[in-house]
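All of the numbers you see were taken from the coordinates with simple rules; none came from a lab. Everything quoted here is computed from the prediction, not taken from an experiment. Don't worry about glycine lacking a Cβ; one is built from the backbone with ideal geometry, like all the others, and counts go over all protein chains shown.
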Amino acid sequence: MTETTRVLLVPGLWNSGPQHWQSVWAAAAPGFRRVEQTEWEAPARSDWVAALEAAVAEAGSQVVIAAHSLGCVTVAHWAAETGLKVRGAFLVAPADVEGLIYPKGPTGFRPMPMAALPFPSILVASEDDPWIKPSRARQVAEAWGSRVVSAGAAGHLNTESGHGPWPEGRRLLDEILLA
C-alpha cells in the first residue's frame, strides 16, 4: 500500500469475488486497496481486526473504509479497540452475527458490537437481506451513529443479488470521500 490509498475495502465472509462491487471498484479506481485476510472461510475476529489495524496504520488517517457484510462487523469491533483514526466508513449490508442463520465458522464476532463509531459513516441496508432484518439493520445503524440508507429490496447487496459495479453505492461512497 502507498500513501495514495484513499479507500480500504473490507470484504465479508468468503471474500468478494471478481464481479462483486468491491472488486470492480478496486480494479477501476486507483487508490482502492482490499484488506486481505488469511482465513476467509472460518475467520477469527482477532485476526480480521489485526489485519484492518495494520492496513489503516499503513494507509493513514485520511483513508475511508468501505466494508461489506462481516467486514462491517469487523470495522465496528476494530473501532472499539483502536486508537487510529479514519475519515469515515461506508458500511454495506452488515451481517447480523447473532442472527439465527449466521454460519458457525466465524469466531469471536459475537456479540454484535453496538458502540458508536468515532467517525462519520453511512450504513446501506436492504429490505430483504437474508443476513439481517431491516429492523435490526436500523438498530445497528442507530447504535453505530451511522446515517442509514435503504437500498429497497436489494438482497445482500452482492453479486448474487445483481450488484456488480453498483454505481449507486459508488455515489454514496463519494459523499464520504468528498466531505
(request) Please state which one of P118, P130 is in a loop (DSSP other than H, G, I, E, B), closer than 23 Å to S46 by Cα and either within 16 Å of the chain's Cα centre (by Cα) or not basic (K, R) (or both). (result) P118
(request) Go through (1) on the phi > 0 side of the Ramachandran plot; (2) free of Cβ contacts under 8 Å to residues at least 60 places away in the same chain and name the single condition I65 misses. (result) (1)
(message) Restricting to the range 44-70, name every residue that is of a type in the set (G, A, S) and touching a helix residue (DSSP H, G or I) at 6+ places or on another chain (Cβ under 8 Å).
(response) A66, A67
(request) Run E127 past the list (1) within 19 Å of H20 (Cα to Cα); (2) acidic (D, E); (3) touching a helix residue (DSSP H, G or I) at 6+ places or on another chain (Cβ under 6 Å) and report the number of the one that doesn't hold. (result) (1)
(request) Please list, ordered by first then second residue, the pairs with beta carbon atoms under 9 Å, 6 or more apart or interchain, first in the range 160-171 and farther than 16 Å from L123 by Cα, second among the small types (G, A, S) and surrounded by fewer than 17 Cβ atoms within 10 Å (Cβ to Cβ). (result) P165/A28
(request) Select, from A93, A55, the only residue that is touching a residue at least 40 places away in the same chain (Cβ under 8 Å), at positive phi and among the small types (G, A, S). (result) A93
(request) Can you run down the residue pairs with Cβ atoms below 7 Å, 6 or more apart or on separate chains, where the first is in the range 124-147 and more than 16 Å from A76 (Cα to Cα) and the partner is surrounded by fewer than 14 Cβ atoms within 10 Å (Cβ to Cβ) and charged (D, E, K, R)? (result) P134/E127
(request) Looking at (1) part of a loop (DSSP other than H, G, I, E, B); (2) more than 23 Å from A59 (Cβ to Cβ), find the lone condition where Q139 falls short. (result) (1)
(message) The conditions are (1) within 17 Å of W21 (Cβ to Cβ); (2) assigned to a loop (DSSP other than H, G, I, E, B), and E160 fails exactly one of them. Which is it?
(response) (2)
(message) Every residue in the range 141-153 that is touching an Asp or Glu at 6+ places or on another chain (Cβ under 8 Å) and buried (at least 22 other Cβ atoms within 10 Å of the Cβ), please.
(response) none
(request) Test A76 against the criterion of being more than 19 Å from W166 (Cβ to Cβ), surrounded by fewer than 17 Cβ atoms within 10 Å (Cβ to Cβ) and among the hydrophobic types (A, V, I, L, M, F, W, C), and give yes or no. (result) no
